[in-house]
Amino acid sequence: MGFAVTSLIFLLAGFVSCLFTLLCCNRGPSTNLFHLTLVVTAVICAWMMYAIVYLAQMKPLINPILSGE
């Protein structure tokens, strides 16, 4: 899977988790906004961690040194 496909999977997971939060944790407008903020922040942080690890593998800073043995 490429970077774009996995990013779309994260977007879909964020959308589903927001809907799940609205349906299961309906306690008032202020609390709903707080819960949605937490869910969106968690999904963005998880996607950023994935993106950093994925993109760091494209151009590594340290080149491996092969031994001649």
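The values are calculated or read from the model by the stated rules, or taken from the named source; none is laboratory data. If you're wondering where the values come from, they're calculated on a predicted model, not measured in any experiment. When we count neighbours, we look across all protein chains shown, and the Cβ atoms used for this are built from the backbone with ideal geometry, even at glycine.
Structure notes:
- The set of residues in segment 19-35 that are surrounded by 13 or more Cβ atoms within 10 Å (Cβ to Cβ) and either touching a helix residue (DSSP H, G or I) at 6+ places or on another chain (Cβ under 6 Å) or not in a helix (DSSP H, G or I) (or both) comprises T21, C25, H35.
- All told, V16 falls short of being modelled with pLDDT of 95 or more, in a helix (DSSP H, G or I) and within 10 Å of the chain's Cα centre (by Cα).
- Flag set for A46, criterion: under 12 Å from the mean Cα position of the chain (by Cα), aliphatic (A, V, I, L, M), part of a helix (DSSP H, G or I) and surrounded by 13 or more Cβ atoms within 10 Å (Cβ to Cβ).
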